[in-house]
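Some notes on the structure that comes next.
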Amino acid sequence: MYPKLSTSSPDPAPAADAADAAWPDATDRALMRATQAGLPLVAAPYAALGAALGIGEQEVIARFAAMQARGLMRRLGAVPNHYALGWRANGMTVWDVADEHVEALGRMVGALPFVSHCYQRPRRLPRWPYNLFAMIHARTREQAMPLVAQIGALLGDACRERDVLWSTRILKKTGLRLPPGD
């Protein structure tokens, strides 16, 4: 599954009823904290998590599924270190796309196998006309440029301007962390 287009405003949370008032519960929060740095590198990671939390492997799996269904997490998957793999040309491509086409085209760009993130963001005129952002990765900038051209071809006449903002160094390489005691 490829990333979906994100907007600057998150989707509203599902309506909660009285049974949802305490959700996520203490066990869900403990499971989130236990996996913030990744899954245990063992043959049965869900069983190991369950053992550490005092619940069964199937309950761990069910809780992850419930968190995903309720929108607390998008997906659970491996995140390779692309820098260690030699993919060092990382560019945030920025596009000025006609507003009436940005959502549909953004979903198509987000589905491209070489796009890791795709977002719609508000323009900041007059200096920043871009409203569609797509992150690409390649070994070199020369190898990345055909990917930029492929996005440009997909956007076609709906795109008026574009640029690439190249990463120069890593400042942070972690996901969201829950505060202790939350």
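The values are calculated or read from the model by the stated rules, or taken from the named source; none is laboratory data. On a predicted model such as this, the values are computed, not experimentally measured, just so you know. Because the Cβ atoms are built from the backbone with ideal geometry, glycine has one as well, and the counts that use them run over all protein chains shown.
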Condition set of a type in the set (A, V, I, L, M, F, W, C) and assigned to a strand (DSSP E or B), scope region 95-130, selection nearest to ASP157 (Cα to Cα): answer is VAL97
Test each condition in (1) surrounded by fewer than 13 Cβ atoms within 10 Å (Cβ to Cβ); (2) under 30 Å from LEU155 (Cβ atoms); (3) under 18 Å from the mean Cα position of the chain (by Cα); (4) at pLDDT 90 or above for ALA65 and report the one that comes out false. (2)
Which of the residues that make up region 147-182 are farther than 17 Å from SER116 by Cβ, touching a residue at least 60 places away in the same chain (Cβ under 8 Å) and charged (D, E, K, R)? ARG160, GLU161, ARG162, ASP163, ARG177, ASP182
Scanning region 12-42 for residues that are acidic (Asp, Glu) and more than 21 Å from GLY56 (Cβ to Cβ), which turns out modelled with the highest pLDDT? ASP20
Determine whether ARG169 is in a loop (DSSP other than H, G, I, E, B), among the charged types (D, E, K, R) and either buried (at least 17 other Cβ atoms within 10 Å of the Cβ) or modelled with pLDDT under 95 (or both). yes
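Each row is one residue, and each column tells you yes or no for (1) more than 28 Å from SER167 (Cβ to Cβ); (2) among the hydrophobic types (A, V, I, L, M, F, W, C); (3) part of a strand (DSSP E or B).
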{"site": "GLU59", "(1), (2), (3)": "yes, no, no"}
{"site": "ARG63", "(1), (2), (3)": "yes, no, no"}
{"site": "ALA66", "(1), (2), (3)": "yes, yes, no"}
{"site": "ARG74", "(1), (2), (3)": "no, no, no"}
So HIS137 clears everything in (1) touching a residue at least 60 places away in the same chain (Cβ under 8 Å); (2) of a type outside the set (Val, Ile, Thr); (3) assigned to a strand (DSSP E or B); (4) crowded, with 17+ Cβ neighbours inside 10 Å except one condition, right? Which one? (1)
Those residues of region 135-146 which are closer than 17 Å to TYR119 by Cβ and modelled with pLDDT of 95 or more, in sequence order: MET135, ILE136
